[in-house]
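The values are calculated or read from the model by the stated rules, or taken from the named source; none is laboratory data. None of these values were measured; they are calculated from a predicted model. Cβ sites come from the backbone with ideal geometry, for glycine too, and all protein chains shown count toward neighbours.
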Amino acid sequence: MFAKGQAVIQYMEKLAPKHLAVPDDRIGLQLGSLQKDIQNVLIALDVNDEVVEEAIRVKADLIIAHHAIIFRPLKHLQTDNPMGKLYEKLIKHDIAVYISHTNLDITEGGMNDWMAEAIGIQAGIPLNEEHTEQLLKLVVFVPKSHHKQVLNAVLDAGAGAIGNYSHCSFNTEGDGTFLPGKGTNPFIGQAGKIETVEEMRIETIVPHGIRSKIVQAMIKAHPYEEVAYDLYPLDLKGRTFGLGRVGRLEQPLSLVDLVEVVKQNLDVKHVRVVGDLTRTIRKAAVLGGSGSRYVSPAMYKGADVIVTGDIDYHTAQDALMAGMAIIDAGHNVEKIMKAKVAEWMREQLHSGRYETEVHVSEINTEPFQFL
């Protein structure tokens, strides 16, 4: 059995929830339909003509990419210009395109964690905080006979996370009363007669971003026709998410030695470097994509170097004067996501017993040549 398009995307959004994306980021389904069976998925960094030809060769029904193919609202769709031809080819071959961008950068176990791990950063924290989880308290009342069923449903859906602990809850016994009205079909009792039932009160923490998923799981597992529950905000901070990572290296390295680690582990042949190559690097920052705006936050958090891409001339000059090292490995180092996302997706599809195949794009979309 092949996975439906929406099922594939649910797996992707489990890895990189959409609510983590920065405002106005162009993410989600950008072209095509998910209302179909997906026999083949292609994971790519960018979507250009070569990647689309590759998708056609592998018979992909869906491309999951990091960089958007539609950046601004379209005023027209002309098929005699390069982007119009690209859209036309995708539509003619019924290939949908889904984008996971800053949400994949920010999520725990996503782009910036992969890059941090590759260069040896330990226990990295966000370089620039973008999103702090709002926490809610869920209270639900359930008959004792179905207590474990409902409790497991909400906890397995993601409720009950406190720091590095999961499946946290508090459960108390009590008596619930209700009077089924006319036309009801109560699970316990009968219409027109007041009923007293031994019930359990379940209390747990719910992250705001997945509240709907948790409530749906709770209602599905609950035996009552009308579920009695409360969901209210807490004056507590949940997890903090952000772009980039900063932390100590596994072992101190000279800047020149760290350059070699970056080149080898992020698969780049050339980098641009700012700073004294002999200096010792103990704490490093990393940020996939364009990093000029994040050099100062990296300095503020005590990093000796930032590994990123697309550093402009004046930012490099300012960093040099401030004693901050930079390794500009280019924007294309984000290609690390291709194999990582494919590995994740294969595991999820396998667990769902789907036959959908996942392919890693072999196209090098680096636009620059180094001579």
Inset, instruction - Being loosely packed, with under 15 Cβ neighbours inside 10 Å, at pLDDT 95 or above and over 30 Å from residue 208 (Cα atoms) narrows it down to one of 80, 49, so name that one. - result: 49
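State all residues of the range 271-292 that are hydrophobic (A, V, I, L, M, F, W, C) and either part of a strand (DSSP E or B) or not assigned by TED's automatic domain parsing to the domain that holds residue 303 (or both); if no residue qualifies, say none.
Passing the criteria: 273, 274, 281, 284, 285, 286, 287.
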Inset, instruction - Restrict the check to the range 147-154 and report whether at least one residue is modelled with pLDDT under 95, out of contact with any Pro (no Cβ under 8 Å at 6 or more places or on another chain), surrounded by fewer than 20 Cβ atoms within 10 Å (Cβ to Cβ) and not in a strand (DSSP E or B). - result: no
Inset, instruction - Name every residue in the range 175-197 that is within 43 Å of the chain's Cα centre (by Cα), over 12 Å from residue 225 (Cα atoms) and outside any strand (DSSP E or B), in order of residue number. - result: none
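Would you mind finding the one in 55, 44 that is surrounded by 16 or more Cβ atoms within 10 Å (Cβ to Cβ), touching a helix residue (DSSP H, G or I) at 6+ places or on another chain (Cβ under 6 Å) and under 23 Å from residue 366 (Cα atoms)?
So the residue among 55, 44 that is surrounded by 16 or more Cβ atoms within 10 Å (Cβ to Cβ), touching a helix residue (DSSP H, G or I) at 6+ places or on another chain (Cβ under 6 Å) and under 23 Å from residue 366 (Cα atoms) is 44.
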Inset, instruction - Quickly run through the range 285-327 and pick out the residues that are charged (D, E, K, R) and over 26 Å from the mean Cα position of the chain (by Cα). - result: 304, 312, 318
Legend entry - Tabulated pairs, the range 56-79, first touching a residue at least 12 places away in the same chain (Cβ under 8 Å) and closer than 17 Å to residue 22 by Cβ, second β-branched (Val, Ile, Thr) and outside any loop (DSSP other than H, G, I, E, B), C-beta under 6 angstrom, 6+ apart or interchain: 68/99
Inset, instruction - Considering each of 201, 245 in turn, give the residue that is surrounded by 14 or more Cβ atoms within 10 Å (Cβ to Cβ), over 31 Å from the mean Cα position of the chain (by Cα) and either modelled with pLDDT of 95 or more or within 30 Å of residue 325 (Cα to Cα) (or both). - result: 201
Legend entry - Qualifying residue in the range 16-25 (condition: at pLDDT 95 or above, under 22 Å from residue 363 (Cα atoms), touching a Ser or Thr at 6+ places or on another chain (Cβ under 8 Å) and surrounded by 15 or more Cβ atoms within 10 Å (Cβ to Cβ)): no
Legend entry - Hits in the range 155-174 - residues which are part of a strand (DSSP E or B) and surrounded by 12 or more Cβ atoms within 10 Å (Cβ to Cβ): 162, 171
Inset, instruction - Look at residue 329 and say whether it is touching a helix residue (DSSP H, G or I) at 6+ places or on another chain (Cβ under 8 Å), under 23 Å from residue 105 (Cα atoms) and surrounded by 13 or more Cβ atoms within 10 Å (Cβ to Cβ). - result: yes
Inset, instruction - Would you check if residue 358 is under 17 Å from residue 119 (Cβ atoms), outside any loop (DSSP other than H, G, I, E, B) and either out of contact with any Ser or Thr (no Cβ under 8 Å at 6 or more places or on another chain) or of a type in the set (Gly, Ala, Ser) (or both)? - result: no
Inset, instruction - Kindly provide the set of residues from the range 267-282 that are buried (at least 18 other Cβ atoms within 10 Å of the Cβ) and either of a type in the set (Asp, Glu) or in contact with a Lys or Arg (Cβ under 9 Å, 6 or more places away or on another chain) (or both), ordered by number. - result: 271
Inset, instruction - Can you work out which of the residues in the range 199-232 that are part of a strand (DSSP E or B) and not hydrophobic (A, V, I, L, M, F, W, C) is nearest to residue 186 (Cα to Cα)? - result: 199
Inset, instruction - Provide a single number: the residues in the range 108-127 that are surrounded by fewer than 17 Cβ atoms within 10 Å (Cβ to Cβ), under 17 Å from the mean Cα position of the chain (by Cα) and not acidic (Asp, Glu). - result: 2
